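Here is the structure we will look at.
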Amino acid sequence: MLDPVSWKLNNGRVIRNAQDAPGELNGKLRLIDQTMLPEKLHYIELDDVNEIYDAIKRLAVRGAPAIGCAAALGIAATAQKLPDNLTPNEFISRVTDLAALLNSSRPTAVNLAWALERCTSYLGSHPTTVKQHKVNLIRSGLAILAEDIKLCRTIGNHGVSLITPGAGVLTHCNAGALATGDYGTALSPLYVAHENGIKFKVFADETRPLLQGSRLTAWELSRAGIDVTTICDNMAGQVMKEGKIDLVIVGSDRIAANGDAANKIGTYSVAILAKYHNIPFYVAAPYSTIDMKLNDGAAIPIEQRDPDEIKNGFGRRTAPDSSNFYNPAFDVTPHELITGIITEKGLIKPPFKTAFNALYA
Ligand code: MRU
């Protein structure tokens, strides 16, 4: 599989789990620069907080769980450079400031804040020397990464029964291996089905404005030998009407306590199209995406991005300066449009609020 987020030790070895390296853990965050796909599979290594902030902001690493993993290993990488002669309290305060900076890079995916909070609160609750705090940060980051890989695989196992032989599956944006530690959320059931020898077809919405569907989903699925067809976003209705789609699976950046789910802009439109055509619409996500603090989707912050992504869409001018631009990066699909949520605990059916309370409260 892919290694979109990993840890490169100073001795050159790349690891995704602390158990893979018995000795010294010092190193850097290693990422696939997803802005260069599909032309080039290029890795970058980072330990500077501004570079890590920038990598998240410009979507070199993107996808809710992958952002969480990158932030956790990013804070570990950048904290290695803090002086060893700080007091433990000074160290924690400096790390908290660095975490606040990384957390401000993107607002919608809850996994970012969740991962940083998990790493920093571990420091506060396990008093020790600065040197040991540094090791603990790397261990926390690697634990989050290893856990995400496992959770995604489990989501795949829980969702695989939805992928029947000959099925047509539509997905929007990229909730695949590239968007997580590995396997993906929405794409994980597809990888498991493929491993089981099931034949099916995937339709990938290209996902304007930044084309995560065509650049990333179509790339990683075809690389894995899965039958994938790229369509423009405005073709989804027609493809459904032609009877080519049996189910929709998407990922999510944040799910409120009632099941309302934020995902890449355009997901809401796909959910409405699916409802009209009587096609089941599933969301796949791990527990770190569920934000029980928010009652419903209205409270989910929606990232607004640079108008230039619309104005200069394909490396050329695609709209006049005289136009106004509006570029929300996400929308919220109301829980009423969601058939089921595939999590590491199993396939959750409505009412989601009751199920989440039982599983995650
Ligand atoms: O702006 P992006 O590319 O980070 O948006 C990603 C998505 O919307 C994904 O579908 C979502 O993060 C789920 S990833 C498993």
Checklist line | Answer residue from the range 189-239, given it is part of a helix (DSSP H, G or I) and of a type in the set (Lys, Arg) and is surrounded by the most Cβ atoms within 10 Å (Cβ to Cβ) among those | finding: Arg215
Margin query: Every residue in the range 156-180 that is under 14 Å from the mean Cα position of the chain (by Cα) and either more than 9 Å from the ligand (Cβ to nearest atom) or assigned to a helix (DSSP H, G or I) (or both), please.
Written below: Ala177, Leu178, Ala179
Next item on the list: Being assigned by TED's automatic domain parsing to the domain that holds Lys201, within 16 Å of the chain's Cα centre (by Cα) and not polar (S, T, N, Q) narrows it down to one of Ala319, Ala262, Ala271, so name that one.
Entry: Ala262
Checklist line | Among the residues listed as Ala329, Ala319, Ala361, the single one being of a type in the set (A, V, I, L, M), closer than 28 Å to Cys119 by Cβ and out of contact with any strand residue (DSSP E or B) (no Cβ under 9 Å at 6 or more places or on another chain) | finding: Ala361
Check: Pairs under 9 Å by beta carbon, first residue of a type in the set (Gly, Ala, Ser) in the range 9-26, partner open to solvent by 50 Å² or more (accessible area, probe 1.4 Å) and part of a loop (DSSP other than H, G, I, E, B), six or more apart or different chains?
Finding: Ala21/Asn11; Ala21/Arg13; Gly23/Asn11
Next item on the list: Answer yes if at least one residue in the range 323-332 is open to solvent by 30 Å² or more (accessible area, probe 1.4 Å), within 30 Å of Asn157 (Cα to Cα) and touching a residue at least 12 places away in the same chain (Cβ under 8 Å), and no otherwise.
Entry: yes
Next item on the list: Those residues that are open to solvent by 60 Å² or more (accessible area, probe 1.4 Å) and either hydroxyl-bearing (Ser, Thr, Tyr) or in a helix (DSSP H, G or I) (or both), I need them from the range 299-314; list them, please.
Entry: Asp308
Check: Which residues, counting only those in the range 248-261, are over 18 Å from Gly159 (Cα atoms) and near the ligand (Cβ under 8 Å from one of its atoms)?
Finding: Asp253
Note to self: Of all residues being part of a loop (DSSP other than H, G, I, E, B) and over 18 Å from Ala284 (Cβ atoms) in the range 240-256, which is least open to solvent (accessible area, probe 1.4 Å)? Just the residue, please.
What the structure shows: Gly243
Checklist line | Selection count, the range 276-318, where residues are small (Gly, Ala, Ser) and modelled with pLDDT of 95 or more | finding: 5
Note to self: Exactly one condition in (1) in a loop (DSSP other than H, G, I, E, B); (2) surrounded by 15 or more Cβ atoms within 10 Å (Cβ to Cβ) is false for Arg317; which is it?
What the structure shows: (2)
Note to self: Quick check on the range 146-153. Is at least one of its residues acidic (Asp, Glu) and outside any helix (DSSP H, G or I)?
What the structure shows: no
Item checked: Candidates Leu31, Leu73, Leu41, filtered to the one that is surrounded by fewer than 19 Cβ atoms within 10 Å (Cβ to Cβ) and touching a strand residue (DSSP E or B) at 6+ places or on another chain (Cβ under 8 Å) -> Leu41
Notebook entry, point to check: What about Val283, is it more than 16 Å from the chain's Cα centre (by Cα), surrounded by 24 or more Cβ atoms within 10 Å (Cβ to Cβ), in the same structural domain as Thr333 (by TED's automatic domain parsing) and in a strand (DSSP E or B)?
Noted result: no
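The values are calculated or read from the model by the stated rules, or taken from the named source; none is laboratory data. In this text, all values refer to a predicted model and were calculated from it rather than measured experimentally. When we count neighbours, we look across all protein chains shown, and the Cβ atoms used for this are built from the backbone with ideal geometry, even at glycine. Accessible surface is based on the protein model in full, side chains and every heavy atom, while ligands, DNA and RNA are left aside. Shrake-Rupley method; radii C 1.70, N 1.55, O 1.52, S 1.80 Å.
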